[in-house]
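Just so it is clear, none of the values below were taken in a lab; they were calculated from the coordinates. Values in this document were obtained by computation on a predicted structure and should not be read as measured data. Cβ placement follows ideal geometry from the backbone for every residue including glycine, while neighbour counts extend to all protein chains displayed.
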Amino acid sequence: MFALVDVNNMYVSCERVFRPSLNGKPVVVLSNNDGACIARSNEAKDLGVRMAQPWFEVRHLQRQAGLVALSANFELYGDMSSRMMAIAAEYAPRQEIYSIDECFLDLEGVPQDRLAIGRDLRSRVLQWTGLPTSVGFGPTKTLAKLANHIAKMADRKPGSYPAELAQVCDLGQMAPAQMEALLRATEVGAVWGIGRKTTTRLSEAGIHSVADLLRADTATLRRQFNVVMEKTLRELRGTSCLDVNDAHEANQQIMCSRSFGGAVTDLPELIDVVSQFTGQVARKLREQGSVAGAVHVFIATSPYHRNEAQHAPSATLPLPQPSADTRVLISAAVRALRGIYRPGFNYAKAGVMLVDLQPQARQQDTLDLFGAQEEQAPAPRGGAELMNALDALNRRFGRHAVTVGGTSLHARPSAHASRQERRSPRYTTRLEEIASARA
DNA sequence: TCTGGGGTCCTAGGACCC
DNA sequence: TCTGGGGTCCTAGGACCC
């Protein structure tokens with residue numbers, strides 16, 4: 001039996017912990033550049049604010065409906081997430097942290113009453129962190145997800161589902177008749193793994209509810225879609241195909257990309273941006289103890305500016321030897337950038353991706369058979385220690401305290417600098433920003 | 001004026017080999 | 001006018017997730 005624990009409207013809920021005056025109000029959290037809504041309170045959802053909707057489209061709701069917008073504060077959310085995850089982990093022998101705001105628990109051998117467990121977990125997380133969660137139980141991960149969805153909706157929209165399913169819902173102990181009624185009332189799009197495109201295609205085939213889907217023929221669906229669909233079906237029917245994965249594996253790719261505050265046209269500024277991004281992905285790469293085999297760089301104009309010339313080139317540059325050295329990676333990224341850059345375009349976005357990742361240990365004995373080749377610069381000296389020192393300084397003094405030569409931020413205001421005018425303090429991770437109580 | 005960012009897995013089709 | 005066949009590996013792109 002599995003549980004899925006999920007924080008309701010995670011980013012908004014984190015903000016509300018420190019600003020209780022936001023409770024009950026429509027609140028959104030904005031992406032980089034204060035560009036789009038990436039989290040919405042229930043009240044904001046009720047106002048019709050959609051996921052990833054551009055801020056300028058809903059900005060008028062500030063005055064019309066008291067909508068409050070905040071810039072994303074990921075440092076705060078990451079820290080709150082760790083606290084919540086640690087509490088949830090106490091309730092089962094195995095936990096898979098699936099995203100910043102949700103985890104699966106494997107309840108194998110946990111004997112007690114699941115509803116009691118769910119309610120206890122929920123109230124403990126609420127009491128210790130201030131975050132509201134929903135808990136779903138099911139005999140497969142997909143059903144636990146579905147149970148969680150029902151728990152949320154029953155809480156948020158009274159009448160959509162029976163009230164007793166709110167907040168904590170167990171699909172593992174439900175009478176067949178009630179189960180059938182629930183599945184009839186749930187649209188296929190709510191199922192984990194069934195997205196927008198698939199929903200449209202299923203709808204054309206007359207499959208609208210989860211109950212419809214369960215009646216469909218597995219082989220036919222497998223033929224029309226793919227193995228993912230087949231697995232989803234089997235999971236919905238109670239056959240577990242997906243296990244809780246508690247060994248968090250290293251990422252296979254690490255990316256940093258961002259749209260700019262304004263258009264960027266000249267190469268030096270793009271080099272600056274790409275160098276900064278590379279510094280960030282390099283740090284993440286070392287954190288997970290990997291080396292990268294290649295660097296992928298892309299720049300792009302804005303597809304929304306339809307009357308401007310469009311250009312979205314990218315390039316992948318393999319490294320002569322896998323590396324985690326910021327200087328090596330930046331030099332490759334900048335070379336890739338020079339190769340794809342064309343003057344005369346208004347670039348709106350850039351990104352750096354490290355790919356072909358491998359564990360650092362394995363790299364020891366893969367020295368180039370032919371030794372360093374002439375045209376390849378020899379690896380910089382003292383790589384590992386220098387990078388360790390760099391990481392330590394930046395951990396201690398903030399992300400941009402120390403950077404590799406050439407990646408310093410421009411003294412002049414840069415077009416790419418992102419706007420973040422509404423960020424809340426990093427209450428839990430910066431002493432100088434800690435919450436203070438007023439008498 | 002302003003339009004998210006970070007990941008995973010699967011598949012089709014081309015390159016290459018015998 | 002005919003123009004192998006089957007296997008494997010790699011990559012780009014699509015769909016999905018949060």
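Points to keep in mind about this one:
- Whether the range A:1-64 is rounded, prolate or oblate, judged on the alpha carbon gyration tensor where a/c under 1.5 counts as rounded: prolate
- Of the Cα atoms belonging to chain A, the radius of gyration and Dmax stand at 24.6, 74 Å.
- Cα point-scatterer Debye curve for the range A:26-167, base-10 log of I(q)/I(0) at q = 0.17, 0.19 Å⁻¹: -1.06, -1.21
- Chain lengthening between A:Ile38 and A:Ala181 when straightened (0.36 nm per residue, less Cα-Cα): 48.2 nm
- Intensity falloff of the range A:219-312 expressed as log10 I(q)/I(0), Debye formula with alpha-carbon point scatterers, at q = 0.17, 0.19, 0.24 Å⁻¹: -0.87, -0.92, -1.20
- Centre separation in Å (Cα based) which lies between the range A:255-316 and the range A:15-94: 27 Å
- Spin-label zone in the range A:268-310 - amide nitrogen under 17 Å from a point set 7 Å from the Cα of A:Thr316 along the C-beta vector: A:291-299
- Taking 0.36 nm per residue of separation and subtracting the Cα-Cα distance, full extension of the segment from A:Arg438 to A:Arg234 would add 67.9 nm.
- The helix-only estimate of mean residue ellipticity at 222 nm for chain A, built from DSSP H runs of length n ≥ 4 each weighted as -39500 (n - 2.57), is -11000 deg cm²/dmol after division by the residue total.
- Close lysine pairs were tallied over chain A: pairs 8 or more places apart or on different chains with Cα atoms under 25 Å apart number 18.
- Net length gained if the chain between A:Met174 and A:Arg335 were fully extended (0.36 nm per residue, minus Cα distance): 52.0 nm
- Beta bridges per DSSP, both residues in the range A:6-127: antiparallel share near 70 percent.
- Rg and Dmax over the alpha-carbon atoms of the range A:111-255 stand at 16.6, 49 Å.
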